[in-house]
1. Could you list, in sequence order, the residues of region 144-163 that are outside any loop (DSSP other than H, G, I, E, B) and surrounded by fewer than 17 Cβ atoms within 10 Å (Cβ to Cβ)?
2. Residue under question is ASP44, and the condition is that it be free of Cβ contacts under 8 Å to residues at least 12 places away in the same chain and touching a helix residue (DSSP H, G or I) at 6+ places or on another chain (Cβ under 8 Å); does it hold?
3. How many residues are part of a helix (DSSP H, G or I), in contact (Cβ under 8 Å) with a residue 12 or more places away in the chain and either not β-branched (Val, Ile, Thr) or not assigned by TED's automatic domain parsing to the domain that holds ASP31 (or both) if we restrict to region 166-200?
4. Out of curiosity, is LYS122 outside the structural domain of PRO38 (by TED's automatic domain parsing), surrounded by fewer than 20 Cβ atoms within 10 Å (Cβ to Cβ) and under 20 Å from MET65 (Cα atoms)?
5. What is the number of the single condition among (1) surrounded by fewer than 16 Cβ atoms within 10 Å (Cβ to Cβ); (2) part of a helix (DSSP H, G or I) that CYS131 does not meet?
6. Provide a single number: the residues in region 19-39 that are in a helix (DSSP H, G or I) and surrounded by 18 or more Cβ atoms within 10 Å (Cβ to Cβ).
7. What do you reckon, is ASN462 in a helix (DSSP H, G or I) and more than 16 Å from ALA24 (Cβ to Cβ)?
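The values are calculated or read from the model by the stated rules, or taken from the named source; none is laboratory data. Quantities reported herein were computed from a predicted structural model and do not represent experimental measurements. Glycine gets a Cβ as well: all are built from the backbone with ideal geometry, and neighbour counts include every protein chain shown.
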Amino acid sequence: MKQFMDENFLLETVTAQELFHNHAAKMPIIDYHCHLIPEMVANDHRFRSITELWLGGDHYKWRAMRTNGVDERYCTGEDTDDWEKFEKWAETVPYTFRNPLYHWSHLELKTAFGITKQLSPKTAREIYDECNEKLQQPEFSARGLMRHYHVECVCTTDDPIDDLRYHKQTRESGFEIRMIPAWRPDRAMNIEKTDFADYVGKLAEVSGVEICRFVDMMEALQKRHDFFSDNGCRLSDHGVEEFYDDPYTDSQIDIIFEKALRGQQLSAVEIRQYKHAFLKMCAEMDHAADWTQQYHYGAIRDNNTLMFNKLGADTGFDSIGEFNTARAMSHFLNELNLEGKLTRTILYCLNPCANEVIATMLGNFQDGSCPSKIQFGSGWWFNDQLDGMTRQMNALSVLGLLSRFVGMLTDSRSFLSYPRHEYFRRLLCNLLGNDVEKGLLPNDKETLARMVEDISYYNARNYFKF
């Protein structure tokens, strides 16, 4: 019987073990999409407890706790203390067998704190106290944890109206790890939201542009786009339920925009027309600035209107929805491509039934300007686990070039999420190692080593031009 989570965890062959320990494990981390709070990095935040570090803002753990029958007060409540929340999480962990949380949690305990005990009600107090004691040491601050995990660069997720003060503060402090902003203009895109007009007012204030028409808003966004570029931004990101290709005219978009500012209800077609126009103009900005654009699509958010601010509830499309989205995606990318304005693009899907659609779509728009200009993003949200990441890599292998893949990201708010890169690298090495052992790939150590190091680190560094 193999020991749980030993040094060869997930590495089933000698080839896989050699690839991971001698190559993948040594590569720095470029976390090109995360949700870290920039203020915590700028001020080198010290965590009061393992609960704040581990459970604060972690919707994955909250969802598991709720599913296990834990009352909300132990997830996000303010009338319970850190130990009470941690104790409820420890009660939940043994019920997460075969859920990725079980692997992630124990990798985090092991790699950050050197704790190899399994978390359960029996070990909860011991682990809680040991973690809290270590958190008092300077190396367990926000920056210390980033150094511990050999992080080279992180890209946060930032609204266009953000003043980026904490990015500037971090840069001027001399901190050796780069923290780069990434442009996420979803609030300007989501015209159907009740706070849209208020957001436009805030955008007008920070940009110094009076916004009355759609063209005014895009002028304001261009100014903020330039500001982000001046502060090191090289990536944009969009969270979309689907892609949009509904035809529109400039006059139609003006009417739609003005209706939204007056608080009038919009039709589904009007919303789609606006989002199509908005995303197209954002894509043109990204191309002009030589940025990489990212699209996270397929998440139907805010399903539980009572809990959505805390929960992050999501679901995916059915097969018909995926077909329609694929067609719209093709039209949208082709529209940009025909105008010579399609920049480097990463596509992420929430529903794994679209893996082959995405992997096939990539080849339609590769133009030879750089290796794998259009990328299939790593398994996202509920797919960034053993099965989801393996399925994504298999689809990309069959229909594209896995060797040119830009690899893993945390998509996380937590400073303990970097072991997800290790998890991914172990799976990658195991995938290749198994193929070698089966005779499906030659035992070309030099080529395999280069491939593993590229996917773990070098491809991302070159692709994003860091």
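1. GLY144, ARG147, HIS148
2. no
3. Selection size over region 166-200: 13.
4. So LYS122 fits the description; yes.
5. (1)
6. So the count comes out to 4.
7. For ASN462, the condition - in a helix (DSSP H, G or I) and more than 16 Å from ALA24 (Cβ to Cβ) - is met.
Here's the yes/no breakdown for (1) of a type in the set (Phe, Trp, Tyr); (2) crowded, with 17+ Cβ neighbours inside 10 Å; (3) part of a strand (DSSP E or B); (4) within 21 Å of the chain's Cα centre (by Cα):
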position	(1), (2), (3), (4)
PHE227	yes, yes, no, no
CYS233	no, yes, no, yes
ALA277	no, yes, no, no
GLU284	no, yes, no, no
